[in-house]
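Undergrad: Structure provided below as structure tokens; questions to follow.
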Amino acid sequence: MQISGKYLKAWKLTEQNGFVKVDLGDSNKKKDGSYDNFTWFGCNLVGNAKTAGVREGDTVEVKSGIITMNKGKDSKWYTNVTIFEIERTGNPQASGASYTSVQSGGFQDEIPF
């Protein structure tokens, strides 16, 4: 499933084994005017998204991404979010922490960019 989204909050950035992951906060406005808030944990930033300069506390727009489901060895289904293109739309407000991209030479999957 292809995805895009505006006004997401980058809560946490981590690098694991050459991959960059970000936790993105999102919300839905309900009919009564209140909001349901939730987080997409461990979204993979690849391609252009990996070098976009997203920092913790930024407001971002996902321009291109995909959601997939994978069945684990324990027979549970896991949601994976991979983001190909992301754009910073707001200034960081909190920690000022930043991520500097490190090139990874081992990624062989087909990526649409």
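Undergrad: Which one of Lys71, Lys63 is within 17 Å of Met1 (Cα to Cα), more than 12 Å from the chain's Cα centre (by Cα) and modelled with pLDDT of 90 or more?
TA: Going through Lys71, Lys63 in turn, the sole match is Lys71.
Undergrad: Among all residue pairs at least 6 apart or on different chains, which show Cβ distances below 7 Å where the first residue, located in segment 32-51, is of a type in the set (Lys, Arg) and the second is part of a strand (DSSP E or B)?
TA: Lys50/Val20
Undergrad: Another question about this same structure. Please go through segment 15-58 and pick out each residue that is in a strand (DSSP E or B), buried (at least 18 other Cβ atoms within 10 Å of the Cβ) and touching a Ser or Thr at 6+ places or on another chain (Cβ under 6 Å).
TA: Asn44
The values are calculated or read from the model by the stated rules, or taken from the named source; none is laboratory data. Since the model is a prediction, treat every value here as computed from it, not as a measurement. Ideal geometry is used to build each Cβ from the backbone, glycine not excepted, and the neighbour counts take in all protein chains shown.
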